[in-house]
Amino acid sequence: LTTPHIQTGLGNAVIRQAELISSVGHDVTIITGTIQSIERQDNKKKYKIISMNLQGSNYFLDPIKGDIKAYHNLLTKPEWDIIIFNAWQNWCTDLGLRVFKQIKGKKYLYSHCISTNLFFKHRPIKSLIRYILLRPYWWSIKTKIRSFDGLIFLCKDGDDNRFDDLKIAKKS
């Protein structure tokens, strides 16, 4: 399981995934971001947490920083049966996609929606700039979707543009 940070809404979702998966007898490792790389085992929770010195995303205003090579080396170890990437637009998924061909295990994306097409009426100029800067990411979504072995979505239908990845996946 990958998540940019443990202490966020997304991080909390990943912790629940780890608890559920480990409760049925599977070994689970969470890879998350922090300022300093550390590795810890929570024996009570029955899953391992590896913190990487990484942050950012494939976005001009928030570029990926940190030990990219260490993350790639970790992902390409032959021991992973399944890797679940949580969410688009974060270093975990964006960097993982760069080494997909070298990853032996199955690769799934647990989508928590996508924000490339969001437009905030109360911030029109900032929203327009953000929208334009995220076009390259958006244009690559179809290819990224096809590179996963499977996709998991928060719901089966979405009624706004946060669910555009779901709409593309249904058409593919």
Residue 117: net charge of surrounding residues, Cβ under 13 Å, Lys/Arg +1, Asp/Glu -1, itself excluded?
+1
Just the number, please: carbon plus sulfur as a percent of the accessible area of the chain, 1.4 Å probe, no ligands or DNA/RNA counted.
55
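Calculate the dipole size of the chain relative to its Cα centre from +1 charges on Lys and Arg beta carbons and -1 charges on Asp and Glu beta carbons; express the result in debye to the nearest 20.
Magnitude of the dipole: close to 380 debye.
Using the heavy atoms of the protein chains alone and a 1.4 angstrom probe, what is the accessible area of segment 60-99 per residue in square angstrom?
Working: 1920 Å² over 40 residues.
I get 48 Å² per residue for segment 60-99.
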For the chain, what does the relative contact order come out to in percent, with C-alpha contacts under 8 Å and a separation of six or more?
17
Check residue 47: other-chain or 5+ apart residues with amide H under 5 Å from its amide H, H built from backbone geometry?
42
Please state the charge dipole magnitude for segment 71-172, taken about the Cα centre, from unit charges on C-beta atoms (+1 on K and R, -1 on D and E), reported in debye and rounded to the nearest 20.
320
Of 135, 162, ordered by accessible area with the largest first and a 1.4 Å probe, the sequence is 162, 135
Segment 106-116 - phi-based ³J(HN,Hα) in whole Hz, Karplus 6.51/-1.76/1.60, Gly and Pro as x:
6, 10, 10, 10, 9, 7, 10, 5, 9, 10, 5
Distance check, please: which entries in 126/170; 65/121; 48/69; 77/170 exceed 28 angstrom between their Cα atoms?
126/170; 65/121; 77/170
Using a Gaussian network model of the chain with C-alpha springs under 10 Å, which one of 14, 28, 99 is most mobile by mean-square fluctuation?
99
Exposed-loop cut sites defined as chymotrypsin sites (Phe, Trp or Tyr not before Pro) in DSSP loop states with at most 13 other Cβ within 10 angstrom; longest site-free run of the chain spans 1-59
Estimated 222 nm signal from helices in the chain, with DSSP H stretches of n ≥ 4 weighted -39500 (n - 2.57), rounded to 500
-10000 deg cm²/dmol
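Determine the order of 46, 101 by accessible area, beginning with the largest, at a probe radius of 1.4 Å.
Listed by decreasing accessible area, they come as 101, 46.
Need one word for segment 112-168: rounded, prolate or oblate. Basis is the Cα gyration tensor (sqrt eigenvalues a ≥ b ≥ c); a/c below 1.5 gives rounded, then a/b vs b/c decides. The partial results should precede the final answer.
Working: a/c = 3.54, a/b = 1.57, b/c = 2.26.
Since a/c reaches 1.5 but b/c is at least a/b, the shape of segment 112-168 is classed as oblate.
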So what's the net charge close to residue 68: Lys and Arg +1, Asp and Glu -1, counting the other residues with Cβ under 12 Å from its Cβ?
+1
I'm spelling it out carefully: the read-out is mean projected area of the Cα convex hull in nm², the candidates are (1) 13.1; (2) 10.5; (3) 18.6, and one was derived from this structure. Which label?
(2)
Segment 70-172 - convex hull of the alpha-carbon atoms, volume per residue in Å³:
104
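The values are calculated or read from the model by the stated rules, or taken from the named source; none is laboratory data. All figures in this text were calculated on a predicted structure; none of them were measured in a lab. With ideal geometry, Cβ positions are generated from the backbone for all residues, glycine too; neighbour counts draw on all protein chains shown. Only protein heavy atoms, including side chains, enter the accessible area calculation; ligands, DNA and RNA are left aside. Shrake-Rupley method; radii C 1.70, N 1.55, O 1.52, S 1.80 Å.
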